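Q: Dropping the structure in here first, questions after.
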Amino acid sequence: MPTKRLSITVTGRVQGVGYRYFVQDTANSAGIFGWVRNNPDRTVECEVQGEDEVLQEFLERLRTGPVLSRVKNVFVFEMPVDHAQAHYFEITG
């Protein structure tokens, strides 16, 4: 399967509800690498890299989010694959 790298911004009630930890757990379970962080504008941003089919399933989970979240929009932009990408997923902020 081809590898893709995505930049994702999630809007809605996604801060203060465990959303970043949900993203990290979901990524780790799927074998996706990258990072997630809260932004000052109350969105959550992440960059992820993995196999296309796995990333599509990951995006579906992000659209649902954890129980207390209320996801409004998930904006996705494809980026060039980073062959030096670390092989782990982290919360950066």
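Q: Taking a cut-off of 14 Å, what percent of all Cα-Cα pairs in the range 1-54 are separated by more than that?
A: Roughly 51 percent, once rounded to a whole number.
Q: Summarise the accessible area of the chain (1.4 Å probe, protein heavy atoms) by the percent that is carbon and sulfur.
A: Its accessible area is 50 percent carbon and sulfur atoms.
Q: A follow-up question, please. Can you tell me the 0 to 90 degree angle between the C-alpha axis of helix 52-64 and the longest principal axis of the chain, rounded to 10?
A: Its long axis makes an angle of about 0 degrees.
Q: Solvent-accessible area per residue for the chain at a 1.4 Å probe radius, Å²?
A: Numbers: 5330 Å² over 93 residues.
That works out to 57 Å² per residue.
Q: What percent does the relative contact order of the range 23-93 come to when contacts are Cα pairs within less than 8 Å and at least six residues apart?
A: 45 percent
Q: For ARG5, ARG70, write out the residues from largest to smallest accessible area, computed with a 1.4 angstrom probe and no ligands counted.
A: ARG70, ARG5
Q: Per DSSP helix of 4 or more residues, -39500 (n - 2.57); summed, then divided by the residues of the chain. What does that give at 222 nm, rounded to the nearest 500?
A: Result for the chain, helices only: -8500 deg cm²/dmol.
Q: Still on this structure, please answer the following. Need the full-extension length gain, GLU90 to LYS72, defined as separation in residues times 0.36 nm minus the C-alpha distance. One decimal, nm. Could you put the intermediate results ahead of the total?
A: Working: separation 18, 0.36 × 18 = 6.48 nm, distance 2.35 nm.
Extra length available between GLU90 and LYS72 comes to 4.1 nm.
Q: Same structure again: Mind ranking PHE77, PHE33, PHE89 by accessible surface for me, highest first, 1.4 Å probe? Kindly include the intermediate steps, with their values, before the conclusion.
A: Working: PHE77 125, PHE33 60, PHE89 15 Å².
Descending order: PHE77, PHE33, PHE89.
Q: Quick one: angle between helix 19-30 and the longest Cα principal axis of the chain, in degrees between 0 and 90, rounded to 10, please.
A: Once rounded, one gets 30 degrees.
Q: Any idea what the alpha-carbon Rg over 2.2 N^0.38 Å comes to for the chain? Spell out each step's value before the answer.
A: Values: Rg = 12.1 Å, N = 93, 2.2 N^0.38 = 12.3 Å.
Ratio of Cα Rg to 2.2 N^0.38 Å: 0.98.
The values are calculated or read from the model by the stated rules, or taken from the named source; none is laboratory data. Remember, it's a predicted structure, so these values are computed and weren't measured experimentally. For accessibility, only protein heavy atoms count, side chains too; no ligands or nucleic acids. Shrake-Rupley method; radii C 1.70, N 1.55, O 1.52, S 1.80 Å.
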